[in-house]
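**Q** Questions regarding the structure given below will be posed in turn.
The values are calculated or read from the model by the stated rules, or taken from the named source; none is laboratory data. The structure presented is a predicted model; accordingly, all values stated were derived computationally and were not measured. Neighbour counts run over all protein chains shown; Cβ positions are idealised from the backbone, glycine included. Surface areas here come from the heavy atoms of the whole protein model, side chains and all, with no ligands, DNA or RNA. Shrake-Rupley method; radii C 1.70, N 1.55, O 1.52, S 1.80 Å.
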Amino acid sequence: MARKPVNPLAEALKQSLDYEELTNCMRCGFCQPACPTFTETGIEAASPRGRIALMKAVADGLMEPDQAFKDQLDLCLGCRACEPVCPSDVKYGHLLEQARDTIEEYAEHRPQVKLVRTVMLKHVFPKQKLMKLVGAGLATYQKSGLRWVARNAGIMKLFPENLRQMERILPDATPRGVVERIGEHYPAKGEPIARVAMFRGCLMDVLFTETNVNTVKLLSEAGFEVVIPRTQNCCGALHAHSGEQELARELARKNIRAFREAGVDYIVSNAGGCGALLMEYDHLLKDDPAYAEDAKWFAERVKDVSEMLYDIGRVPSFREPGMNNGEEKALTITYQDSCHLRNVMRASNAPRKLMREVKNVRYVELKNADKCCGSAGTYNLVQPEMSTQILDHKMEHVKATDARYLLTSNPGCLLQMKLGIERESISGSMQALHLVDFLYDRLEKKETGATS
Ligand code: SF4
Ligand code: SF4
């Protein structure tokens with residue numbers, strides 16, 4: 001009898017998938033209602049339980065890792081909403097990363113896709129100097145009139161609709177990051193509570209520099225001395241979620257060296273997607289004897305800015321400007337969770353408590369705020385249909401809040417919320433903002449120890 005040919009990907013998945021973690025799933029289905037792709041499709045294979053069953057079937061040799069298998073893993077947002085609700089504490093995110101990393105090793109991309117992945121993941125994101133060049137290029141495009149030409153001469157029509165939409169909501173870019181704006185050190189206001197290091201991010205520092213600056217100033221107001229290590233780089237989240245674990249590990253090692261030297265009590269992130277990976281550096285480098293201990297040191301210190309301000313710092317005083325208590329109708333705000341901030345960093349209370357601190361503001365809880373908005377890193381670019389479906393459903397709940405400001409804590413979520421507002425044509429009555437920017441603009445006293 002002829003022997004079945006060996007499928008190298010199947011063999012590799014058998015080796016890389018954590019079998020014990022796969023068998024931890026007791027198939028209870030508690031994760032199903034939390035999963036956006038299951039809610040949208042109703043298909044078992046598009047649920048956490050279904051995807052774990054598919055991975056286990058491959059690991060057991062019962063099925064081949066065919067295109068349908070890969071499609072279901074690609075459709076997963078990686079939002080990890082299935083983890084906090086799981087009674088068996090299945091680490092789904094780790095299983096997904098193991099599978100994606102292995103699939104990527106055997107992937108045969110089209111030459112254009114391969115080129116874009118290599119340029120962006122290996123050369124641009126890891127090097128802050130190149131990110132700055134990207135920032136300079138984008139700023140030139142936005143301010144020189146090139147954007148006007150691209151839009152009005154129909155050049156943008158050559159791009160797919162999702163890229164055209166993204167281009168419309170992109171904030172103003174700049175090559176001047178937070179260090180160029182305020183230096184590497186910012187003193188605490190009053191008696192210092194702790195010395196903290198700020199993680200500035202890669203895209204964050206090019207597209208949302210003002211948010212980084214405001215983060216430092218808020219930390220200072222709350223009593224923290226802030227340092228911004230210049231040699232830090234991208235966290236590696238995009239790499240880890242795109243099946244490039246080794247590149248993510250390399251970036252993690254560089255960050256650990258940069259922050260170890262800074263000698264700080266906490267490492268502060270203002271982006272849920274980055275913070276979640278920084279917090280898991282210990283897992284990422286668990287098999288690297290030279291870095292495992294330092295990675296643990298690093299991971300234990302990672303906090304979101306909202307936790308620093310509310311749980312550890314002296315909470316500053318915030319007030320909606322131009323309004324006195326009770327004299328005018330309170331401003332309504334709402335909040336969309338960043339999935340990784342909520343499900344991995346488990347920080348969903350501190351942002352809400354901070355918003356409730358702002359005088360003359362009415363906080364309204366957004367229905368299903370804990371469900372992904374469809375942004376999920378590059379998901380809205382590579383899975384535009386599902387991403388748009390999820391976003392449109394999200395916006396139905398957003399509109400029901402009647403809020404003036406829709407706040408969030410991650411750049412990807414913020415762009416997605418801006419996109420939702422644009423798609424619904426409600427930009428005249430609603431604005432999406434990072435929580436940090438909203439709070440900074442409402443600080444009752446803004447005087448801090450250094451210049452901007
Ligand atoms: S909740 Fe956890 S144990 Fe239950 S089916 Fe989902 S992953 Fe498996
Ligand atoms: S990570 Fe999100 S999309 Fe993927 S299975 Fe879990 S809940 Fe569903």
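**Q** Using θ = phi - 60° and the Karplus relation 6.51 cos²θ - 1.76 cosθ + 1.60, list the HN-Hα couplings for region 180-189 in order, rounded to whole Hz, with x at every Gly or Pro.
**A** 5, 7, 10, x, 8, 9, 9, x, 7, 8
**Q** On a 0 to 90 degree scale, rounded to 10, what angle separates helix 384-401 from the longest Cα axis of the chain?
**A** 40 degrees
**Q** While we're on this one: For each pair in Lys14/Lys91; Lys129/Lys296; Lys132/Lys303; Lys371/Lys418, compute the distance between the two Cα atoms and list the pairs where it is over 20 Å.
**A** Values: Lys14/Lys91 17 Å; Lys129/Lys296 28 Å; Lys132/Lys303 26 Å; Lys371/Lys418 17 Å.
Violating the 20 Å limit, Cα to Cα: Lys129/Lys296; Lys132/Lys303.
**Q** Next question. Tell me which of Cys28, Val179, His397 sits at the most positive position along the dipole axis of the chain, charges placed on C-beta atoms (Lys, Arg +1; Asp, Glu -1).
**A** Val179
**Q** Give the distance, in whole Å, between the Cα centre of region 125-195 and the Cα centre of region 348-398.
**A** Cα centroid to Cα centroid, the span is 23 Å.
**Q** Something else now. Counting just the Cα atoms, what span does region 178-312 cover along each of its three principal axes? Round to the nearest Å and put the largest first.
**A** 42, 30, 24
**Q** Another one. Given Cα positions, please report Rg to Rh for region 12-61, the hydrodynamic radius being the Kirkwood one.
**A** Numbers: Rg = 11.5 Å, Rh = 11.3 Å.
Result for region 12-61 is an Rg/Rh of 1.01.
**Q** Filter the chymotrypsin sites (Phe, Trp or Tyr not before Pro) in region 358-452 down to the DSSP loop ones having no more than 12 other Cβ atoms within 10 Å, then list what survives. Walk me through the intermediate numbers first.
**A** Details: sites: Tyr363, Tyr379, Tyr405, Phe438, Tyr440; in loops: none.
Sites meeting the loop and neighbour criteria: none at all.
**Q** I've got another one for you. Excluding residues fewer than 8 places away in the same chain, name every one of the lysines whose C-alpha is closer than 16 Å to that of Lys127.
**A** Lys254
**Q** Which of the trypsin sites (Lys or Arg not before Pro) found in region 124-213 are loop residues per DSSP with 16 or fewer other Cβ atoms within 10 Å of their Cβ? If you can, show how the numbers build up before the last one.
**A** Values: sites: Lys127, Lys129, Lys132, Lys143, Arg147, Arg151, Lys157, Arg164, Arg168, Arg176, Arg181, Lys189, Arg195, Arg200; in loops: Lys127, Arg176, Lys189, Arg200.
Answer in residue order: Lys127, Arg176.
**Q** By DSSP, what percent of the beta bridges with both residues in the chain are antiparallel, rounded to the nearest 5?
**A** Working: 3 of 24 bridges.
Taking every DSSP beta bridge within the chain, about 10 percent pair in antiparallel fashion.
**Q** How many nm separate the modelled label positions at Glu161 and Glu11, each set 7 Å beyond the Cα in the direction of the Cβ?
**A** So the two model labels end up 4.5 nm from each other.
**Q** Sequence neighbours fewer than 8 away in the same chain don't count; with that in mind, list the lysines whose C-alpha is under 17 Å from Lys367.
**A** Once the sequence-local lysines are set aside, what remains near Lys367 is Lys394, Lys399.
**Q** Are there any GluC sites (Glu not before Pro) in region 36-135 that are in a DSSP loop and have at most 13 other Cβ atoms within 10 Å? List them by number.
**A** Here the GluC sites (Glu not before Pro) that fit, given the DSSP loop and packing criteria, are Glu108.
**Q** At a Förster radius of 41 Å, what calculated FRET efficiency corresponds to the Cβ-Cβ distance of Lys399 and Arg27, to the nearest 0.05?
**A** Details: r = 37 Å, r/R0 = 0.91.
Once rounded, the FRET efficiency stands at 0.65.
**Q** How many percent of Cα pairs in region 292-363 exceed 15 Å?
**A** On the way: 1619 of 2556 pairs.
Of all Cα-Cα pairs in region 292-363, 63 percent lie more than 15 Å apart.
**Q** Now a separate question. Please flag any cysteine in the chain that has no other cysteine's Cβ under 4.7 angstrom from its own Cβ.
**A** Cys25, Cys28, Cys35, Cys76, Cys86, Cys373, Cys413
**Q** If you take the Cα Rg of the chain and divide it by 2.2 N^0.38 Å, with N the number of residues, what do you get?
**A** Its radius of gyration relative to the 2.2 N^0.38 Å reference: 0.99.
**Q** Angle, helix 411-423 long axis vs. longest principal axis of the chain, Cα atoms, 0 to 90°, nearest 10?
**A** That works out to roughly 80 degrees.
**Q** So what is the accessible area of region 23-111 per residue, in Å², with the probe set to 1.4 Å?
**A** Working: 3950 Å² over 89 residues.
Value returned for region 23-111: 44 Å² of accessible area per residue.
**Q** Just by accessible area at a 1.4 angstrom probe, what is the order of Asp304, Asp265 from largest to smallest?
**A** On the way: Asp304 5, Asp265 80 Å².
Of Asp304, Asp265, the descending order of accessible area is Asp265, Asp304.
**Q** Okay, next question. Give me the Kirkwood hydrodynamic radius of region 58-105 in Å, from all C-alpha pairs, to one decimal place? List each step's numbers first, then the result.
**A** Details: mean 1/r = 0.0841 Å⁻¹.
Taking every pair of different Cα atoms in region 58-105, averaging 1/r and inverting gives 11.9 Å.
**Q** I've got another one for you. Quick one: Debye curve from the C-alpha atoms of region 137-194, no solvent, what's log10 I(q)/I(0) at q = 0.20, 0.23, 0.28, 0.29 Å⁻¹?
**A** Scattering profile of region 137-194, log10 relative to I(0): -0.81, -0.96, -1.17, -1.20.
**Q** Can you run phi through the Karplus equation (6.51, -1.76, 1.60; θ = phi - 60°) for region 228-235 and list ³J(HN,Hα) in whole Hz, with x for Gly and Pro?
**A** Ordered by residue, 3J(HN,Hα) equals 10, x, 5, 8, 5, 9, 3, 5 Hz.
**Q** Separate question: Please list, in order along region 216-227, the HN-Hα scalar couplings obtained from phi with the Karplus expression 6.51 cos²θ - 1.76 cosθ + 1.60 (θ = phi - 60°), rounded to whole Hz, x for Gly and Pro.
**A** 4, 5, 5, 4, 4, 4, 7, x, 10, 7, 10, 10
**Q** Any chance you could give the angle, 0 to 90 degrees and rounded to 10, that helix 128-143 forms with the longest Cα principal axis of the chain?
**A** For helix 128-143, the angle is close to 70 degrees.
**Q** Separate question: Along the principal axes of its C-alpha atoms, what lengths does region 8-105 span, in descending order and rounded to whole Å?
**A** Result for region 8-105: principal-axis Cα extents of 35, 25, 21 Å.
**Q** How big is region 341-447 on each of its three principal axes, counting only the C-alpha atoms and giving the largest first in Å?
**A** 45, 33, 25
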